[in-house]
Amino acid sequence: MKALDQLTFDNRFARLGDAFSTQVLPDPIADPRLVVASASAMALLDLDPAQAELPLFAELFSGYQSWQDADPRAMVYSGHQFGSYNPRLGDGRGLLLGEVVNDAGEHWDLHLKGAGQTPYSRMGDGRAVLRSSIREFLGSEALHALGIPSSRALCVIGSSTPVWRETQESAAMLLRVAPSHIRYGHFEYFYYTRQPEQQQVLIDHVLTQHYPECREAELPYLAMFRSIVERNAELTAYWQAYGFCHGVMNSDNMSILGITFDFGPFAFLDDFDANFICNHSDDRGRYSYSNQVPIAHWNLSALAQALTPFIEVEALKEVLGLFLPLYQAHYLDLMRRRLGLTTAEDDDLALVERLLQCMQRGGVDYTLLFRRLGEQPVAEALQRVRDDFVDLAGFDAWGAEYQARCEREPGNAEGRRERMHAVNPLYILRNYLAQKAIEAAKKGDYSEVRRLHQVLSKPFEEQPGMQAYAERPPEWGKHLEISCSS
Ligand code: AMP
Ligand code: MG
């Protein structure tokens with residue numbers, strides 16, 4: 001285990017040069033204080049979790065201190081926002097502090113969000129508010145604990161620095177950790193600004209550092225694009241299977257690594273609703289829950305367009321065509337597991353879809369339904385969840401089919417509960433839980449943020465005394481409007 005001053009840096013992205021990023025120092029926030037830290041994210045850097053309690057920790061991640069070997073930079077990129085191309089985005093309020101190499105030889109980007117203005121801030125103040133920093137912290141750590149690929153969050157540092165959104169709030173900084181912060185938008189930037197040499201440097205960098213296994217392929221760039229498509233098909237399947245809504249699936253918020261990244265006013269579904277829109281400025285529901293699948297595909301085609309100087313169009317199209325079938329296979333696999341099925345039958349997708357239709361009509365809690373289905377033997381479990389449904393005839397018909405399907409499974413029902421509980425979380429990051437923790441944090445009490453983080457770090461394990469975190473949300477908690485300003 002290391003101390004903060006023992007980290008080793010190897011800033012590969014910074015070395016690509018000034019065409020890719022601009023050197024900027026963090027602009028400190030006043031009276032920094034630790035809100036919450038993730039011991040498991042610290043472990044990625046081999047950091048001793050006790051280091052989070054040191055004054056140096058809060059100073060490093062609020063802009064007062066730096067490492068001699070860090071090389072803080074704002075990255076330039078562009079991207080498609082809500083379907084329209086924005087030619088110049090970039091890190092407007094975040095800085096890539098540097099890349100830490102851990103004892104296992106892995107590189108981890110340290111990215112400080114809310115670090116002040118940069119050449120890409122446009123009209124923005126370069127800040128992030130406490131509320132959205134806590135939400136991203138809890139969201140990324142909760143996704144990781146669910147087994148869903150995501151950027152990580154190492155800590156949130158609060159401050160007394162005022163920032164103005166709809167009302168006055170306080171600034172915070174979030175330290176995001178990921179193997180890379182390169183987005184689809186990086187490729188789009190160099191493509192649309194016609195900088196072929198830089199684009200070549202970028203694609204070779206990503207290939208060498210992040211997709212080394214593709215270098216041996218006959219067509220390495222195509223193999224890499226194929227891997228990106230594969231990873232995104234799997235990622236999107238996870239989101240849909242676990243009810244995660246990203247909120248702002250702009251191509252500048254899509255990681256080249258296929259991990260959940262830079263999410264906006266995200267939400268996990270409470271009641272199942274295929275048309276759920278978590279982003280209240282998304283009037284037309286472009287990024288609604290069920291649209292995430294075609295949008296993930298659309299974003300990949302935006303990336304493909306930017307890769308046309310390196311890969312033949314026909315080959316790109318062919319690989320893009322793999323997305324939907326791959327997505328469907330992953331999704332079905334995850335949903336079979338959530339239903340406790342270990343074998344495959346032709347009608348399984350229809351079985352899943354019919355359940356979702358019944359849930360949609362009844363406003364049934366998406367997380368708890370699966371958990372309860374696994375709690376008892378099938379017949380009893382069906383009886384128990386039945387009351388949640390409005391369309392009882394529809395549910396009974398589904399239940400009969402599901403029971404028959406379970407009876408065709410090999411082996412006995414012994415392992416069913418264990419198997420289902422291992423994939424069906426009891427605790428999920430519900431908006432109202434985050435909201436309660438945020439309200440307390442705004443008053444200077446961080447205990448609820450920390451407790452919620454702990455509960456969500458073991459989402460599949462029943463934790464004594466934590467029943468309140470596994471309840472359905474109260475009515476007020478289902479209709480919270482999460483502000484899009486962050
Ligand atoms: P987002 O939708 O949060 O991913 O942000 C889109 C773009 O706006 C990115 O280039 C951000 O860096 C930039 N941005 C968002 N909020 C701010 C802010 N408060 N100050 C400066 N830039 C911002
Ligand atoms: Mg963004």
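Figures for the structure shown
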{"item": "Qualifying residue in segment 312-335 (condition: farther than 23 Å from residue 258 by Cβ, open to solvent by less than 10 Å² (accessible area, probe 1.4 Å) and under 25 Å from the mean Cα position of the chain (by Cα))", "result": "no"}
{"item": "Residue 56 within 16 Å of ligand 2 (Cβ to nearest atom), outside any loop (DSSP other than H, G, I, E, B) and not assigned by TED's automatic domain parsing to the domain that holds residue 202", "result": "no"}
{"item": "Exclusive hit being within 14 Å of ligand 1 (Cβ to nearest atom), closer than 29 Å to residue 269 by Cα and surrounded by fewer than 20 Cβ atoms within 10 Å (Cβ to Cβ), set 165, 135", "result": "165"}
{"item": "Residues being more than 11 Å from residue 260 (Cα to Cα) and among the β-branched types (Val, Ile, Thr) - total across segment 222-247", "result": "2"}
{"item": "Meets criteria (under 21 Å from residue 91 (Cβ atoms), in the same structural domain as residue 92 (by TED's automatic domain parsing) and in contact with a Cys (Cβ under 9 Å, 6 or more places away or on another chain)) for residue 61", "result": "yes"}
{"item": "Matching residues, segment 87-108, being in a strand (DSSP E or B) and in contact with a Ser or Thr (Cβ under 6 Å, 6 or more places away or on another chain)", "result": "101"}
{"item": "Residue check, residue 304 at pLDDT 95 or above, crowded, with 20+ Cβ neighbours inside 10 Å and not in a loop (DSSP other than H, G, I, E, B)", "result": "yes"}
{"item": "Residue that is touching a residue at least 24 places away in the same chain (Cβ under 8 Å), within 16 Å of ligand 2 (Cβ to nearest atom) and either open to solvent by less than 10 Å² (accessible area, probe 1.4 Å) or not assigned by TED's automatic domain parsing to the domain that holds residue 84 (or both), where the choices are 203, 228, 256", "result": "256"}
{"item": "Any hit, segment 35-44, residues being within 20 Å of the chain's Cα centre (by Cα), closer than 25 Å to residue 252 by Cα, within 16 Å of ligand 2 (Cβ to nearest atom) and assigned by TED's automatic domain parsing to the domain that holds residue 175", "result": "no"}
{"item": "Filter result for residue 68 (without any contact (Cβ under 8 Å) to a residue 12 or more places away in the chain, in the same structural domain as residue 102 (by TED's automatic domain parsing) and either open to solvent by 30 Å² or more (accessible area, probe 1.4 Å) or outside any loop (DSSP other than H, G, I, E, B) (or both))", "result": "yes"}
{"item": "Residue list for segment 233-248, restricted to those being open to solvent by less than 10 Å² (accessible area, probe 1.4 Å), under 14 Å from residue 327 (Cβ atoms) and under 12 Å from the mean Cα position of the chain (by Cα)", "result": "235, 236, 239"}
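The values are calculated or read from the model by the stated rules, or taken from the named source; none is laboratory data. All values reported here derive from a predicted model rather than from experimental measurement. All Cβ positions, even for glycine, are placed from backbone atoms using ideal geometry, and neighbour counts span all protein chains on display. In case anyone asks, the SASA skips ligands and DNA or RNA and just uses the protein heavy atoms, side chains included. Shrake-Rupley method; radii C 1.70, N 1.55, O 1.52, S 1.80 Å.
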